[in-house]
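Single-structure report; data block below.
The values are calculated or read from the model by the stated rules, or taken from the named source; none is laboratory data. Everything numeric here is computed off the predicted structure, so don't read it as measured data. Counting neighbours? That spans all protein chains shown, and the Cβs are built from the backbone with ideal geometry, glycine included.
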Amino acid sequence: MNRKILNSWAIPLLVQIILCMAFSLITFVIDKHLDGQWINEHIFRKFFSNDAGTIANVLGGLTQVAPAILGITITVIAIVVEMASNKYSPKVMDLFVNDKLNFWVMALFVVCSVNSIWVAHILTSSFFPIVSIILNAFLVSISLLIVIPYFNHIFTFLHPHNFIAYVEDGAIKNLEKLKNPSMTNEEVHRIKNSIVESIEFVGDIAINSVIQGDRAVSQYCSNILTDLFIAYLDIKKDLPESFFVLTDVEREDADFIDFSEFVQDIITTRKIWLERKIFRLMEIIFTISRENLKTVASGVLLNSTKIGEKASKLQNKEVIFTVIQYFNTFLRFAINSSDPRTAFNILEHYRNFGEILMFNMPEEVERVTFYFKYYALEAQKRHVLFILETAAHDICKLNELAFELNISCQDRLLDMFLKLDQSPEESSGGPLTQQELSLIGVRIAQVKLAAFYIMKERCDLARKIFDDMKDEPLNRIRIIQDLIEMNTDEEYWEITGRGINFFFVSENRKVALTEFFSWYDKPAAEV
């Protein structure tokens, strides 16, 4: 508390007193030394009246101008800063107060006001302080001239993109400071708290902006949190051990308090408290933006993929697992909310993440594919439509890339893919049920993968898919064939984030499919 009082009261007051005394005493001493010689001998007599009464009247007016400028400035600041604080976060006020430029401009207005009063009182008929008068006129002029540029600075500073970037820059600088090996635990803890405040500040603005429907600011905040995360990953290995310890106070933080002691201990052991904190804020942003600001929710998913990409390049398994956990959490939320569109978008970004892992950490792709299968079947059980076939087409793409890159687990990925469907009983000839339609969508994805293998001259893998499908009723196979033939547009006929028609097959792949479907016309011994 004493340090806070010192920073907020004592130091600013002392600085202004010193400035006031310095300006007044220095000019007073100079004027005493000159003893009025400038009035009769210096060129400045051409610009100033020699009459003390006239100068006194002018100085009397100036003593009112400077305080008036200060009053107007404070009024404007009080209005616009309060509006910004109410809209975004009360911490905007703290940022504004801590801005050094604001302090020095206010100090200028105060020094100008005090100096005007003192100069007006030392002017007499026998003592004409020309240097003090010139300095005072100069200060008042500067105060008037900088009012409009200063207001421009205020409005620019209070633009959310600017003060959020200011906070980001401060947080990154604090992270860089932690690389100093000579820092004490107390200094580390202090800087850690400052970083937490910066993260929470950006998160609060994001949440408030989502509630107010401000897409641009919400997305910008999500991007800033991601940039902070990535900057942190770059220097994480150089940070002191004490930085990663979750203290008793931090365990009661809003982002950690609902975790069990078991989870909190894991967070400390794995050194992922900052990762979990940022992701927890992104989870909140995703949750509240899912219905009204879907583009912001999609932005959170895209940023999660970016974080995963960075972690995969750094071979950071702890962060990779955290990213997977949160993608799974997003999927669970969408399924429990019976929100197929959100789940559809999540799977797109989740698959992109899986493709990134193929290049950097292929051993993790099997885990991702397992969760695709798990949540697809969960969605099917809960009658959340179109998720099973969406997952099937995404796993199909993962299998194709796994084959192209020849990763070690490609056979296991194919096995999981073939177990994605649960063959329903044969239809009685009436309209297809929703379950049948979903499983036909899965089979279409599997058929497309079989065609891919045939094109790559791996008929053995294509026959593995055929063997899994050979007991399907022939009329269902013909339905699959007809659906593929009738879909000639690669772009989907509605506006979606992916824009892809899952049933579309290129002409080259259709040639391979002709061979695949011909196997159903041959006796089993010939296939």
Would it be correct to say that Arg498 is assigned to a helix (DSSP H, G or I) and not acidic (Asp, Glu)? no
Checking Leu101 against (1) modelled with pLDDT of 80 or more; (2) surrounded by 13 or more Cβ atoms within 10 Å (Cβ to Cβ); (3) of a type in the set (A, V, I, L, M, F, W, C): exactly one of these is not met. Which one? (2)
Considering region 215-233 alone, what residues qualify as being without any contact (Cβ under 8 Å) to a residue 24 or more places away in the chain and of a type outside the set (A, V, I, L, M, F, W, C)? none
Return the only residue of Leu228, Leu246 being closer than 22 Å to Phe256 by Cβ and either part of a helix (DSSP H, G or I) or hydroxyl-bearing (Ser, Thr, Tyr) (or both). Leu228
State yes or no: is Ile117 modelled with pLDDT of 85 or more and not in a loop (DSSP other than H, G, I, E, B)? no
Check Arg276, Arg215 and return the single one that is outside the structural domain of Asn345 (by TED's automatic domain parsing), among the basic types (Lys, Arg) and under 24 Å from Leu178 (Cα atoms). Arg276
Test Phe321 against the criterion of being among the aromatic types (Phe, Trp, Tyr), surrounded by fewer than 17 Cβ atoms within 10 Å (Cβ to Cβ), without any contact (Cβ under 8 Å) to a residue 40 or more places away in the chain and within 16 Å of Thr305 (Cβ to Cβ), and give yes or no. yes
Can you go through Glu283, Glu309, Glu291 and tell me which one is outside any helix (DSSP H, G or I) and of a type outside the set (Lys, Arg)? Glu291
Mind listing just one residue for me: the one in region 463-519 that is of a type in the set (Val, Ile, Thr) and closer than 15 Å to Ala445 by Cβ and, of those, surrounded by the fewest Cβ atoms within 10 Å (Cβ to Cβ)? Ile500
Positions within region 249-274 being over 25 Å from the mean Cα position of the chain (by Cα) and part of a loop (DSSP other than H, G, I, E, B), in sequence order: Ser260
Can we say Glu366 is of a type outside the set (Val, Ile, Thr), surrounded by fewer than 22 Cβ atoms within 10 Å (Cβ to Cβ), touching a Cys at 6+ places or on another chain (Cβ under 9 Å) and within 24 Å of Leu405 (Cβ to Cβ)? yes
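Residue-wise test of (1) among the basic types (Lys, Arg); (2) in contact with a helix residue (DSSP H, G or I) (Cβ under 7 Å, 6 or more places away or on another chain); (3) more than 17 Å from Ala392 (Cα to Cα).
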{"position": "Ile454", "(1), (2), (3)": "no, yes, yes"}
{"position": "Glu457", "(1), (2), (3)": "no, no, yes"}
{"position": "Phe466", "(1), (2), (3)": "no, yes, no"}
{"position": "Leu474", "(1), (2), (3)": "no, yes, yes"}
{"position": "Thr488", "(1), (2), (3)": "no, no, yes"}
{"position": "Val505", "(1), (2), (3)": "no, yes, no"}
{"position": "Asn508", "(1), (2), (3)": "no, yes, yes"}
When Val296 is evaluated against the numbered criteria (1) surrounded by fewer than 18 Cβ atoms within 10 Å (Cβ to Cβ); (2) β-branched (Val, Ile, Thr); (3) within 13 Å of the chain's Cα centre (by Cα), which criterion, by number, is the only one it fails? (1)
Find all pairs meeting these conditions: Cβ atoms under 6 angstrom apart; at least six residues apart or on different chains; first residue within region 369-390 and assigned by TED's automatic domain parsing to the domain that holds Phe333; second residue assigned to a helix (DSSP H, G or I) and among the hydroxyl-bearing types (Ser, Thr, Tyr). Leu388/Ser438; Glu389/Ser438
